[in-house]
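Colleague: Below are the structure tokens for one structure; questions will follow.
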Amino acid sequence: MADRIETTAPDLGVATIALTVSDAAATSEFFRAAFDFEVLSEEATQAGTACRSVTLRLGREVIVLDEHRPPGRPVPADSRSYDLWFQHLAIVVNDVRAACDRLDTLGIRYTSPAPQRLPEWNPSAGGIEASYIRDPDGHPLEVISFPPGKGDARWQSTERLFLGIDHTAITVSDTEAGLRFYRDGLGLEVVGGSENWGPEQERLSGAPGARVRITSLRGAAGPGVEFLHYQAPADGRANPPDARPNDLWHVETRFQATDVEAALARLRPARIDRTAEAGQGIFLRDPDGHALRILPAP
């Protein structure tokens, strides 16, 4: 385990997750048709290079679609679940097979050949059913269902097929370095973990021989953050050092903190960008290059 910093953590949670997209209107229609997201707002913006943003909600959770001009680079066609730019949204459903049947009618691209049920020998993950898919720009998404006794109690609802967003998962190169940043720095709490392997995990990840150490963290509010640390395959590619917010693989986890400066003082990261502070929070990257923004709580 990483050495823990014994100071009071700022009150911080995930406010939203933002995806860079090629066409905000078309992608919002995809999320509406595929997963029953509702549009909360659409606006033209001059924030950075983003020219249009659409805010969507599913259940209690909110995502933002940012369209940039000029557009950046596409998601690499050969992206793999163990490459370090991998980040997905886990969309909770009450019936993963019914969800995939619906997605089939929309011509969804799958990473997993079929929904996978994780085996009961794994006490933390056994009985969870999931499938990895991709949106029209190539962003990875997960549809996931939790058996009774696992996940938040609200994920047992049968009122709707698509219920909300449980977490965003990021591939990391080193769990301990991730914990120093997200737990000791940002103040997220570790709420679970497992080590997954076997044919079900291989098919889910689309990665032969996959063995994944999973660590689940949560803040004061919003979806959790989940580490995917691939023990195998071990040749995941690094996040490009010249990655930019208009690149289509850019996914930004936006946190809200009651004390932004306290959070920054604890993090001491090398890659803080204070040029976006005027109403846009503070942009930074974690040890593996995943993008974050810390916003003041309202």
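Here, each number is a calculation from the coordinates, and none is a lab measurement. None of the values given here were measured: they were computed from a predicted structure. Virtual Cβ from ideal backbone geometry, glycine too; neighbours counted across all protein chains shown.
Colleague: Report the full-extension gain for the segment residue 197 to residue 77: residue separation times 0.36 nm, less the Cα-Cα distance, to one decimal in nm.
Modeller: 40.7 nm
Colleague: Answer with one residue from 116, 165, 208: the one whose Cα lies farthest towards the positive end of the charge dipole of the chain, charges on Cβ with Lys, Arg +1 and Asp, Glu -1.
Modeller: 208
Colleague: In addition: May I have the convex hull volume per residue, in Å³, for the Cα set of region 116-237?
Modeller: 124
Colleague: What distance in nm separates the simple spin-label points at residue 261 and residue 26, each placed 7 Å from Cα in the Cβ direction?
Modeller: 4.6
Colleague: Using amide H atoms built 1.01 Å from N in the peptide plane, name the residues 5+ places from residue 86, or on other chains, whose amide H lies under 5 Å from its own.
Modeller: The answer is 171.
Colleague: If we restrict to alpha carbons, what Rg and Dmax does the chain come to, in Å?
Modeller: Spelled out, the Cα radius of gyration and Dmax of the chain are 18.1, 51 Å.
Colleague: I need to check one value: relative contact order of the chain, counting alpha carbon pairs closer than 8 Å and at least 6 residues apart, in percent.
Modeller: 24
Colleague: Mean separation of Cα pairs under 8 Å and 6+ residues apart, divided by the residue count of region 158-238: what relative contact order is that in percent?
Modeller: Value for region 158-238: 35 percent.
Colleague: If I model a spin label as a point 7 Å beyond the Cα along the Cα-Cβ vector, how far apart are those points for residue 33 and residue 242 in nm?
Modeller: 3.6
Colleague: Let me ask something else about it. Which parts of region 60-98 would a label at residue 177 reach, counting a residue when its backbone N lies under 20 Å from a point 7 Å out along Cα-to-Cβ?
Modeller: 80-88
Colleague: Might you report the magnitude of the Cβ-based charge dipole of region 60-102 about its Cα centre, with Lys and Arg at +1 and Asp and Glu at -1, to the nearest 20 debye?
Modeller: That gives a dipole near 20 debye.
Colleague: When the distances between all Cα atoms of region 7-157 are binned every 10 Å from zero, what whole-number percent does each bin get?
Modeller: The percentages, shortest bin first, are 10, 35, 36, 16, 3, 0.
Colleague: Here is a further query. If you take all C-alpha pairs in region 15-83, what percent of them are over 18 Å apart?
Modeller: Counting pairs separated by more than 18 Å, the tail of P(r) holds 41 percent.
Colleague: Taking 0.36 nm per residue of separation and subtracting the Cα-Cα distance, what length does fully extending residue 43 through residue 160 add?
Modeller: In short, 39.3 nm is gained.
Colleague: For labels at residue 109 and residue 60 in the simple 7 Å Cα→Cβ model, what's the distance in nm?
Modeller: Between residue 109 and residue 60, the simple spin-label model gives 3.3 nm.
Colleague: Give the span of region 144-204's Cα atoms along each principal axis, as three whole-Å numbers ordered largest to smallest.
Modeller: That gives 39, 31, 18 Å along the principal axes, largest extent first.
Colleague: Determine, from the Cβ-Cβ distance of residue 235 and residue 120 and an R0 of 25 Å, the FRET efficiency 1/(1 + (r/R0)^6), rounded to the nearest 0.05.
Modeller: 0.20
Colleague: Below 8 Å, C-alpha to C-alpha, sequence gap of six or more: please give me the relative contact order for region 104-179 in percent.
Modeller: Reported relative contact order: 18 percent.
Colleague: Now for a separate question. Of the options 107, 227, 19, report the single residue whose Cα projects farthest towards the positive end of the charge dipole of the chain (beta-carbon charges: Lys, Arg +1; Asp, Glu -1).
Modeller: Checked the options; the winner is 227.
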